[in-house]
Amino acid sequence: MSKTVAAPVSHRAWQDYYEMTKPKVVMLMLITAWVGMALAPQQGMASLANWVFGTLGIAALAAAGAAFNHLVDHKIDQLMARTHRRPVATGRVSQRNGLIFAFSLTLLGFAVLMVFVNALTAWLTLASMVGYAVIYTGFLKRATPQNIVIGGLAGAMPPLLGWTAISGSIGALPLLLVLIIFAWTPPHFWALAIHRIKDYQNADIPMMPVTHGIQYTKIHVWLYSWLLLAISLLPFATLNMGPVYAVCALALGLRYLQWNWWLLMDRKVDAAWGSFKFSITYLLLLFVALLLDHSIRTFL
C-alpha cells in the first residue's frame with residue numbers, strides 16, 4: 001500500500017513583494033513613529049484619524065524605500081551571503097514589476113498623508129524616503145565609508161514624522177529623538193559591517209571595516225556609544241522627560257557601552273553580532289522608556 005506524500009507548499013508571489021518591504025525594519029520605524037505620535041500634543045478624535053492614516057502613509061513610504069533599495073542593490077545583493085536570496089537578486093521579481101510596486105507604494109503613502117493627515121508630514125516622509133532610496137542607496141553607499149553617518153538622517157526621521165502627523169508642526173522634543181537615532185545608526189551598522197565584512201569586501205562596498213580595518217571601526221563604535229549615551233540624556237536635561245526616562249536611558253546606555261567595550265577589547269566571541277543585536281533592543285527599550293515616562297508624568 002503506497003503512502004501519499006504531501007506536495008510542498010509553493011512559494012507565493014506576494015511573499016516576495018512582502019519581503020521587498022523589509023517588514024522588520026519598517027516595524028521598528030513605525031514603533032519610533034508611534035512614540036512621536038504619543039508624545040505630540042493630542043487633538044481629540046482628529047488625533048485618532050491621524051494615528052491611523054499617519055501609520056498607513058508612513059508605513060507605505062518606508063516600504064517603498066525598502067523596495068527601491070532591493071531594486072538599486074540587486075547586483076550587490078547577488079554577491080552577499082546575507083542578501084543573495086532576495087526576490088530581485090534571484091529574479092523572482094523582475095525590475096519592471098519591482099518598479100511598479102515601489103512607485104505604487106510611494107504614490108499610496110504620499111496620497112494618504114497629503115489627503116488625510118497634513119502636507120508637512122507628507123513632504124517630510126517623502127523626503128526621508130528619497131534620502132534613503134536615492135541619496136544613500138544610489139550614491140552614498142558606494143561613495144564613502146561615512147555613508148551610514150551621512151545617510152543616517154533619512155532613517156532617523158520617524159519620530160518627527162509621527163509628531164507632525166498629530167500636531168502638524170515641528171517641535172524640539174521630536175528633533176531630539178531624531179538626533180538619538182542619528183547617533184545610534186553608525187555604531188549599529190558598523191557592528192553589522194564588522195560581522196559581515198566578507199560580504200562587503202565581495203561586493204566592493206566601502207564600509208568602514210573594509211576601507212579602514214576592523215580595529216579602527218571598533219574604536220569608532222566605542223566612541224559613538226559615548227556620544228549616543230550623552231545625546232540620549234538630552235530629553236531629560238531639557239526637561240522634556242523625567243527621572244524614569246533618565247534612569248532607563250542611563251542603564252541602557254551603560255549596557256550598550258559594555259557590549260562595545262567587549263567588542264573593542266575582543267572579550268566575547270562574535271561581539272560584533274552581539275552588539276548589533278543589542279543595539280536593536282536598546283533602541284526599542286529606550287523608546288518604551290519615553291512612553292513610560294510620558295504616561296507617568298501625564299497621569300500623576
Percent of all Cα-Cα pairs per 5 Å bin for segment 15-168, counting from 0 up to the last occupied bin, reads 2, 10, 19, 21, 19, 13, 9, 5, 2, 1, 0
Under the 7 Å Cα-to-Cβ spin-label approximation, Leu79 and Gln15 lie apart by a distance in nanometres of 2.9 nm
With no solvent term and unit scatterers on the alpha-carbon positions of segment 171-300, Debye gives log₁₀ I(q)/I(0) at q = 0.12, 0.17, 0.18, 0.21 Å⁻¹ of -0.48, -0.83, -0.90, -1.11
With label points set 7 Å from each Cα along the Cα-to-Cβ direction at Gln95 and Arg142, the distance between them in nm comes to 1.2 nm
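Just to be sure I follow: if Rg is taken over the C-alpha atoms of segment 86-190 and Rh is the Kirkwood radius over the same atoms, what is Rg/Rh? Don't skip to the answer; put the middle values down first.
Numbers: Rg = 15.5 Å, Rh = 15.1 Å.
Rg/Rh: 1.02.
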Cross-link reach from Lys24 to lysines, straight Cα distance under 19 Å and at least 8 residues apart if same chain, gives Lys277
A correct Karplus calculation of ³J(HN,Hα) over segment 167-182, with 6.51 cos²θ - 1.76 cosθ + 1.60, θ = phi - 60°, whole Hz and x for Gly and Pro, returns 8, x, 9, 9, x, 5, 4, x, 5, 5, 5, 4, 5, 4, 5, 4
Once the mean of 1/r over all distinct C-alpha pairs in segment 112-155 is inverted, the Kirkwood radius in Å reads 11.0 Å
Output row, site His212, 7 Å Cα→C-beta label point, backbone N cut-off 17 Å, window segment 262-291, residues 264-265
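So how much slack lies between Phe116 and Leu175, counting 0.36 nm per residue of separation and subtracting their Cα-Cα distance, in nm? If you can, show how the numbers build up before the last one.
On the way: separation 59, 0.36 × 59 = 21.24 nm, distance 2.35 nm.
Once the chain is fully extended between Phe116 and Leu175, it gains 18.9 nm.
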Going residue by residue through segment 52-67, the Karplus relation 6.51 cos²θ - 1.76 cosθ + 1.60 with θ = phi - 60° gives ³J(HN,Hα) values, rounded to whole Hz and with x marking Gly or Pro, of 5, 6, x, 4, 4, x, 5, 4, 5, 6, 5, 5, 5, x, 5, 5
Restricting to aspartates and glutamates and to Cα separations under 20 Å from Lys75, and discarding same-chain partners fewer than 8 apart, the set is Asp16, Glu19, Asp199, Asp204
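Since every read-out is calculated from the coordinates, none of them should be taken as a lab result. Because the structure is predicted, anything quoted here is derived from the model rather than measured. When we count neighbours, we look across all protein chains shown, and the Cβ atoms used for this are built from the backbone with ideal geometry, even at glycine.
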